[in-house]
Amino acid sequence: MARIGVFVCQCGNNIAAEVRTAEVAEKLKDVPGVVHAEDARFYCSNPGQEQIRKMIKEHNLDGLIVSACSPHMHEKTFRKAAETAGLNPFRVEIANIREHCSWVHHDPTKDLGTEKAGDIARMMVERVKRDRPLSKIKIPVTKRALVIGGGVAGIQAALDIADGGREVVLVEREPSIGGHMAQLSETFPTMDCSQCILTPKMVEAYQHPNIRLVTYAEVEKVDGYIGNFTVTIRKKAKSIVEENCTECGECIEKCPIKATSEFEMGMSKRKAMYIPFPQAVPGIPVIDRNACPKYVKDMSKCGLCAKVCGPQCIDFDQKDTFETVSVGAIVVATGYDVMPAENFPEFSGGKSKDVITGLHFERLASASGPTGGEIKRPSDGKVPETVVFIECSGSRDERRGVSYCSAICCMYSAKHAMLYKHKAHHGQAYIFYMDIRCGGKRYEEFHRRAVEQEGAIYLRGRVSRVYPRDGRLVVQGADTLIGSQVEIEADMVVLATAVVPRVGSKDLAQRLGIAYDQYGFYNEYHPKLKPVETVTGGIFLSGACIGPMDVPTAVAQGSAVASKVLGLFSNDEMAREPITAEVNRATCNACWDCLVACPYKAIEREAIKNRQGEVLRYVARVNEGVCMGCGVCVAACHSKTIDLKGYSDAQVYAALAAV
């Protein structure tokens with residue numbers, strides 16, 4: 001016979017305002033299996049928990065109902081209290097009589113709330129009677145982390161995890177780590193040289209004994225579950241034997257073939273044998289097979305780099321290779337892209353060389369950029385006397401499928417206006433904006449500095465058209481503050497284009513089994529309470545792959561992720577909630593609907609063999625390390641073979657029959 005205790009919480013007036021809790025407790029004493037019922041003001045308080053522990057021991061309870069708030073609030077609290085009193089924590093259930101009852105009823109007599117609260121509690125009593133004394137799942141943990149993406153967020157995460165004494169594999173798909181921050185000239189609001197603050201971190205990551213850099217590579221496949229992932233990495237052929245390369249640069253110097261530089265946003269040339277930028281880490285060059293005559297013509301052409309290479313590092317026959325690594329946690333820090341200027345034909349984007357994006361301007365302003373830090377027009381190399389900056393180009397624009405704010409545009413447009421004035425003292429900067437959003441420490445002061453000290457002229461309104469006329473660009477827009485149309489003749493137009501997810505972000509999400517939003521940014525488990533975790537255990541997010549953000553936020557998220565990973569690695573085994581699906585092997589007909597439906601890839605095929613090792617049939621098997629207990633497979637199973645522990649069909653039917 002069950003011995004169940006029911007504790008009805010008043011939650012101050014949150015519940016007591018609509019429910020006569022003492023009456024509910026009194027009526028529940030008559031329910032078969034209930035040996036004790038009472039009410040109190042706050043059971044989540046220390047005295048309340050102590051009372052629950054006392055009653056468990058005094059009445060030898062084997063099941064517990066707490067009629068209170070949502071289980072999302074205090075289920076762990078009450079289960080822990082019960083466990084310390086010797087009761088299996090998974091025989092503790094929460095009857096939600098706050099969100100599901102008192103908060104949705106307004107009855108001065110309290111009759112409706114009282115009756116409903118009693119019904120909810122009786123349902124939970126019947127469910128507890130059929131609860132099994134489950135145990136937490138113990139999972140061994142591989143204490144090595146994989147970081148995908150070598151931007152500032154990924155570098156920070158890798159360094160913090162490595163400093164915590166754990167191994168890190170840092171995978172970057174470009175030849176060098178650094179990400180978009182390596183392209184920046186200076187950073188707001190302190191106007192630090194971007195390379196000056198980033199390069200030491202890049203070098204530290206490269207030289208750290210616990211970090212292994214795998215550049216020019218991509219994640220091909222991910223198997224396994226939290227603590228035990230198996231990741232296949234595709235290492236693209238560099239045509240260089242990395243182990244022998246001394247990074248002398250002789251091959252780059254002698255290479256006669258030029259190609260467009262992606263790092264310089266197409267505004268200058270690089271060699272076919274190249275490193276992306278002078279401070280690249282690692283400094284091992286890569287052959288661009290789309291430009292090298294050995295690949296675009298025939299293997300007998302050129303080959304000068306191989307002739308001058310002392311250590312004989314050049315391998316024109318090198319192929320892509322695959323490496324499999326075992327890791328316990330994965331950090332996704334793949335960063336962002338910006339919408340290209342070609343998406344704005346109304347602004348002459350893609351038609352005029354002098355209509356550029358913010359990243360183009362960063363390279364023009366950089367001392368290591370194509371113009372040596374001088375602001376010059378890409379079309380003719382002249383210093384522009386008038387520059388128009390257009391904010392929200394593509395952002396907050398549902399016509400282009402981007403309804404969100406890109407977060408950093410207001411600040412970097414102010415920064416660009418300052419950089420322009422510092423380098424072209426007689427020039428004039430105009431900034432068209434919708435709203436100024438400078439929500440960070442010292443950000444508003446930074447914006448005011450652009451206006452008050454650097455003389456940037458801000459015009460509140462949208463630009464309708466940009467077109468060339470007599471060698472200049474005519475910008476037509478509106479100033480809504482004075483209520484008139486505006487026409488400005490500019491020498492250069494800079495578009496603060498929308499921050500968008502990286503190309504291939506959705507494909508990577510599908511390999512990892514994590515969720516993404518309608519734009520392609522990755523979804524957090526909870527935007528406030530779990531901002532760097534995903535619904536897939538052991539996979540974490542950091543930086544602008546979540547959404548637009550500035551450098552300080554990305555760095556903070558990198559450190560936040562590292563703390564989560566180190567916490568996961570703090571024990572040899574990890575304990576997980578046992579609320580997982582289970583398969584009745586006797587009735588499974590191997591239709592595999594569950595395998596298709598499972599969003600976490602937790603369903604596997606299991607072979608049933610005879611004593612001779614011959615496969616008789618296959619059945620579905622649930623990997624408890626991966627299963628998140630969502631129950632989708634239960635709904636998909638036509639033969640009713642799958643049940644969810646703690647939410648079995650028998651429990652659900654018994655609860656419904658109680659009312």
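Could you tell me the center-to-center distance, by alpha carbons, between region 335-406 and region 169-228 in angstrom?
Region 335-406 and region 169-228 have Cα centres separated by 25 Å.
Quick check: from the Cα gyration tensor, does region 529-588 come out rounded (a/c under 1.5), prolate or oblate?
Cα axes put region 529-588 in the oblate bin.
To make sure I understand the rule: partners must be aspartates and glutamates, Cα under 14 Å from the Cα of Lys136, and not fewer than 8 residues away in the same chain. Which ones qualify?
Glu83, Glu573, Glu577, Glu624
Per residue, how many Å² of accessible area does the chain show with a 1.4 Å probe?
Heavy-atom accessible area per residue stands at 45 Å².
Once the Cα atoms of region 576-617 are picked out, what are the Rg and Dmax in Å?
Answer for region 576-617, Rg first and Dmax second: 12.7, 37 Å.
For the chain, which span is the longest to avoid every loop-located (per DSSP) member of trypsin sites (Lys or Arg not before Pro) having at most 10 other Cβ atoms inside 10 Å?
Here the longest run is 1-296.
Within region 556-659, report the GluC sites (Glu not before Pro) that DSSP leaves as loop and that have at most 12 other Cβ atoms within 10 Å.
Glu614
Modelled label-to-label distance, Thr190 and Tyr618, 7 Å Cα→beta-carbon offset: nm?
Rounded to a tenth, the inter-label distance reads 5.6 nm.
From the phi of every residue in region 595-605, what ³J(HN,Hα) in whole Hz does the Karplus formula 6.51 cos²θ - 1.76 cosθ + 1.60 yield, where θ is phi - 60° and glycine or proline is x?
Calculated HN-Hα couplings, in order: 5, 5, 6, 5, x, 10, 6, 8, 8, 10, 8 Hz.
Provide the net charge surrounding Lys221, with neighbours chosen by a C-beta distance below 11 Å and charges set as Lys +1, Arg +1, Asp -1, Glu -1.
My count for the surroundings of Lys221 gives -1.
Using each residue's phi in region 264-280, evaluate 6.51 cos²θ - 1.76 cosθ + 1.60 at θ = phi - 60° and report the 3J(HN,Hα) Karplus result to the nearest Hz, with x for Gly and Pro.
Ordered by residue, 3J(HN,Hα) equals 8, 6, x, 8, 7, 10, 9, 7, 5, 9, 8, 10, x, 7, x, 8, 4 Hz.
Roughly how large, in nm² to one decimal, is the mean projection of the convex hull of the alpha-carbon atoms in the chain?
The number I arrive at for the chain is 39.2 nm².
How would you classify region 326-369 from its alpha-carbon gyration tensor, with a ≥ b ≥ c the square roots of the eigenvalues: rounded for a/c under 1.5, else prolate if a/b is greater than b/c, otherwise oblate?
Because a/c hits 1.5 or more and a/b fails to exceed b/c, region 326-369 counts as oblate.
Run the accessible area of region 496-639 with a 1.4 Å probe and give the carbon-and-sulfur part as a rounded percent.
It is 51 percent, rounded to a whole number.
Can you list the HN-Hα couplings for region 318-323, worked out from phi with the Karplus curve (6.51, -1.76, 1.60; θ = phi - 60°), rounded to whole Hz and with x for Gly and Pro?
Residue by residue, region 318-323 yields 4, 10, 4, 10, 10, 10 Hz.
Treating cross-link reach as a plain straight distance, find the lysines whose alpha-carbon is under 20 Å from the alpha-carbon of Lys297, omitting any fewer than eight places away in the same chain.
Lys238, Lys254, Lys258, Lys271, Lys307, Lys319
How many angstrom lie between the Cα centre of region 105-157 and the Cα centre of region 448-496?
53
Of the accessible area of region 1-49, with the probe set at 1.4 angstrom, what percent is carbon plus sulfur?
About 51 percent, which is the carbon plus sulfur part of the accessible surface.
Using amide H atoms built 1.01 Å from N in the peptide plane, name the residues 5+ places from Tyr516, or on other chains, whose amide H lies under 5 Å from its own.
The answer is Asn523.
Over the Cα atoms of region 249-312, what Rg and Dmax result, in angstrom?
Looking at region 249-312, its Cα Rg and Dmax stand at 11.7, 33 Å.
For region 186-315, what % of the accessible area comes from carbon and sulfur atoms, probe 1.4 Å?
Solvent-exposed carbon and sulfur of region 186-315 make up 49 percent of the total.
Can you bin region 196-253 into rounded, prolate or oblate? Criterion: square roots of the alpha carbon gyration tensor eigenvalues sorted a ≥ b ≥ c, rounded for a/c under 1.5, prolate for a/b above b/c, oblate for the rest.
Because a/c hits 1.5 or more and a/b fails to exceed b/c, region 196-253 counts as oblate.
Using a simple spin-label model with points 7 Å from Cα along the Cα→Cβ vector, what separation in nm is obtained for Gln207 and Arg462?
My value for the distance between the label points is 5.2 nm.
With r as the distance between the Cβ atoms of Cys44 and Asp111 and R0 = 30 Å, compute the FRET efficiency 1/(1 + (r/R0)^6) and round to 0.05.
Between Asp111 and Cys44 the formula returns 0.65.
Take the alpha carbon atoms of region 27-49, find their center, do the same for region 605-653, and report the distance between the two centers in whole angstrom.
Cα centroid to Cα centroid, the span is 36 Å.
Using the basic label-point model (7 angstrom from Cα toward the beta carbon), what is the Ile137 to Leu481 distance in nanometres?
5.8
With r as the distance between the Cβ atoms of Glu323 and Asn610 and R0 = 41 Å, compute the FRET efficiency 1/(1 + (r/R0)^6) and round to 0.05.
That gives a FRET efficiency of 0.60.
May I ask for the angle, rounded to the nearest 10°, between helix 409-423 and the longest principal axis of the chain, with both axes built from Cα atoms and the value confined to 0 to 90°?
Result, in degrees: 20.
Given a Förster radius of 56 Å and the C-beta distance between Arg442 and Met1 as r, what FRET efficiency does 1/(1 + (r/R0)^6) yield to the nearest 0.05?
Efficiency at R0 = 56 Å is approximately 0.25.
Starting from the Cα of Lys441, draw a straight line to each of the lysines and keep only those under 27 Å, dropping any in the same chain fewer than 8 residues away.
Here the lysines satisfying the reach criterion relative to Lys441 are Lys201, Lys415, Lys421, Lys423, Lys528, Lys530, Lys564.
What GluC sites (Glu not before Pro) in region 322-395 are in a loop by DSSP, with at most 10 other Cβ atoms within 10 Å of the Cβ?
Here no GluC sites (Glu not before Pro) fit, given the DSSP loop and packing criteria.
I need the P(r) histogram for region 195-319: all alpha carbon pairs, bin width 10 Å from 0 out to the longest distance, whole percents.
11, 36, 34, 15, 4
The values are calculated or read from the model by the stated rules, or taken from the named source; none is laboratory data. Note that the structure is predicted; figures quoted are calculated from it, not measured. Reconstructed Cβ throughout: ideal geometry from the backbone, glycine too, with neighbour counts over all protein chains shown. Side chains included, ligands, DNA and RNA excluded: accessible areas come from the protein's heavy atoms. Shrake-Rupley method; radii C 1.70, N 1.55, O 1.52, S 1.80 Å.
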